[in-house]
1. Using the structure shown, decide if residue B:108 is more than 26 Å from residue A:481 (Cα to Cα) and modelled with pLDDT of 90 or more.
2. Within region B:48-62, work out how many residues are more than 10 Å from chain A (Cβ to nearest Cβ) and part of a helix (DSSP H, G or I).
3. Give region A:320-332 a look and list any residue that's in contact with a helix residue (DSSP H, G or I) (Cβ under 9 Å, 6 or more places away or on another chain), within 10 Å of chain B (Cβ to nearest Cβ) and not in a loop (DSSP other than H, G, I, E, B), or say none.
4. Test residue B:252 against the criterion of being away from every other protein chain (no Cβ under 12 Å) and part of a loop (DSSP other than H, G, I, E, B), and give yes or no.
5. Please verify whether region B:201-222 includes one or more residues that are closer than 19 Å to residue B:31 by Cβ and either modelled with pLDDT under 90 or in a helix (DSSP H, G or I) (or both).
6. Any idea which residue in region B:311-325 is surrounded by the fewest Cβ atoms within 10 Å (Cβ to Cβ), counting only those that are assigned to a helix (DSSP H, G or I) and at the interface with chain A (Cβ under 8 Å from one of its Cβ atoms)?
7. Which one of these does residue B:308 not meet: (1) within 14 Å of chain A (Cβ to nearest Cβ); (2) assigned to a helix (DSSP H, G or I); (3) under 17 Å from residue B:48 (Cα atoms)?
8. Among the residues of region A:486-501, which ones are more than 7 Å from chain B (Cβ to nearest Cβ) and not in a loop (DSSP other than H, G, I, E, B)?
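The values are calculated or read from the model by the stated rules, or taken from the named source; none is laboratory data. Owing to the predicted nature of the structure, the values given are computational and were not obtained by experimental measurement. Note: ideal-geometry Cβ built from the backbone for every residue, glycine included; neighbour counts use all protein chains shown.
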């Protein structure tokens, strides 16, 4: 044991023990069993044999008009099994490369189990998924055990994270290339609503009235927009806002009050007035900005957790006002809310409630505009002040950052984006009452930001998409969505507090760019390894040594 | 536009200042407000203890409370009582069943509080996570427990079991006080006194105060910090369980899965109002909040009942964030 320890401390890869440890033999055996199970599952699924009936209902698939999910499942099973076998054969030859096949295969199996549970065509799928889950978890756990880590050595134990790799590649691209790739991504996103319901994983199977695939995409995009707005407050400035739904509600109510025929304060009397909705969007944003100012000005001097409770109170006050103030009509609400302008040649409105595509494209366009705006803010003095406040408010204050003013800025900008998405919501639904603005929705918004990775714009958009799309896609778990996302919040904070796509690396990049802009060269700080490693990895900017 | 401004000048028509009925109902409101306030104070105790010790808003405390309420409700149901009936069991029998329900509620609440502490907070504490992470975890825990109850019992409220029929006992000024109000207010005050003395005089209380003052030094002096934290969560849970038992006795609307949220927020407001981290402050804050709410709902109409708490919270935090008695748990002397 002490000899092994001595070998480990020398740190060199060649010093690892020649023979693989017993845990890896055990991991290989379990992985082999898993591979056999996977192949068996693939065969039974493909030919609709008896064991597959335990968890899969072929008749239901047929009635839903496609075998898409089934084909994907068979292919995925076979690919995972092949990867497992590759890994086992590498381990048998005492090569650490086996880890490269076994670990991703293990994770993929876990993901597949979760997917089957989400689909849950039959009750007995739970047993089936549990078997696979355990079979995958055992080798994974063994691969990460201490003797295995020691045998693999450091370079195989902690390989570069794929997110980090993508991020580094992206950061090394030039500005024009980044723009070009962004355009390609947006173009792909724009054609997504054309994917029909027969495409596996994407298309909705259950089409409840009013939620087909484009509409659920629109809702997901709306959540992404909300997540970007909340991210300015929570992710950038580090202010926990639990009343964000209040701003969303104000945006929706402003549009409803000014354009609905039910409203006593209607400004745009003709519901076909093409400018009604368009004119109301900036008004809604300005009014939510003012409400953000009204909430922020007295409360932003509070500490973080007090602020959270006060914002929660604000969200509740907005909802209770909607309940109780007579002109806001409580539960009865407002109908006939204006829509964006435009008609097809046959005279029907382009932005109809039932057609999600134009709404989705409009939202994507707005997201792009908001992203450019927020991204530029992030790279500006304001963004740097936000980061400083988030990391250490006292230190920022001492360094001369007017923290109160910048916190207020974050609040107001976040609020206006919330108002914008509220206006979109009101336009698409065409009906606003007090039912959609309860505090648990605020927490759902927060979950979107935290899940995706607070502070990372791409991350929070992914988070918003998941929060909205998962309950739409897997309708049999829609009832449990708050439970699932509540547990996800705890699990994330315990195991991955930075979210699925963390933000740390990017912020370091901004700090580095700022430093280089200031000194005209790469940083020369002798504060230790952290500063040195960032300087060496700065890539594109690193060449400007004077 | 002209019309709108005219309405504002005359006072908007959706809000009334009903001063006459406030005058008439003043004493009725006072006693009902004190009863609500006593319940708030007991819940606020959990917030204030945990905050005093860990500087953490235990957002899941509202769910600690509501799980106690469900426990008390189902204990009574298991004892053979069902909603909507009047029982002729003798005085001693009723008291016995209520004590049993209270004990079960206190046990379940403190169990849930401990569970939340162990599962959600302890790992973060050992990692020295920032306070925002604690709060997000707490929100997640709150949502998860609430939704577990939702999945179990559904969206409808359990009908309330009226074990004790409110009977007028005393006539004070223009108001009658019923037996429930007397019991709850006196029990809550006695309980708060007992817990206050417990924190001040006993060995466990000394440990709690030591950790609240200076965790590192307390650990060096041989105080087991983790055990003290668990004890604190348990005391808070017991108080919440007793409050839950009072709640199902006094409030006829029954228990519902998300019923904890509103009471949790109000109890938090009560704790902040009295000075969070201060046990006597929790009692004072609870009673003041209860009074303010009932007066407010008579003055503005019952629809505005819940707005009072939120407005009070914002006002307190703006003008006196340390609360009325603003003193920390650690500073109270032995």
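1. Working: more than 26 Å from residue A:481 (Cα to Cα): no; modelled with pLDDT of 90 or more: yes.
Judged against the criteria, residue B:108 is not a match.
2. 8
3. A:320, A:321, A:323, A:324, A:327, A:328
4. Values: away from every other protein chain (no Cβ under 12 Å): yes; part of a loop (DSSP other than H, G, I, E, B): yes.
Considered against the rule, which asks whether it is away from every other protein chain (no Cβ under 12 Å) and part of a loop (DSSP other than H, G, I, E, B), residue B:252 comes out as yes.
5. Looking only at region B:201-222, we keep the residues that are closer than 19 Å to residue B:31 by Cβ, and these are none.
So far as region B:201-222 goes, no, none of its residues is closer than 19 Å to residue B:31 by Cβ and either modelled with pLDDT under 90 or in a helix (DSSP H, G or I) (or both).
6. Keep residues of region B:311-325 that are assigned to a helix (DSSP H, G or I), which gives B:311-319.
Add one more test, that the residue is at the interface with chain A (Cβ under 8 Å from one of its Cβ atoms), and what stays is B:311, B:313-314, B:317-318.
Details: B:311: 16, B:313: 26, B:314: 19, B:317: 24, B:318: 14.
Applying the filter and picking the extreme gives B:318.
7. That leaves (3) as the condition not met.
8. Quick first cut of region A:486-501, residues more than 7 Å from chain B (Cβ to nearest Cβ) only: A:488, A:491-492, A:495-496, A:498-501.
Correct list: A:488, A:491, A:492, A:495.
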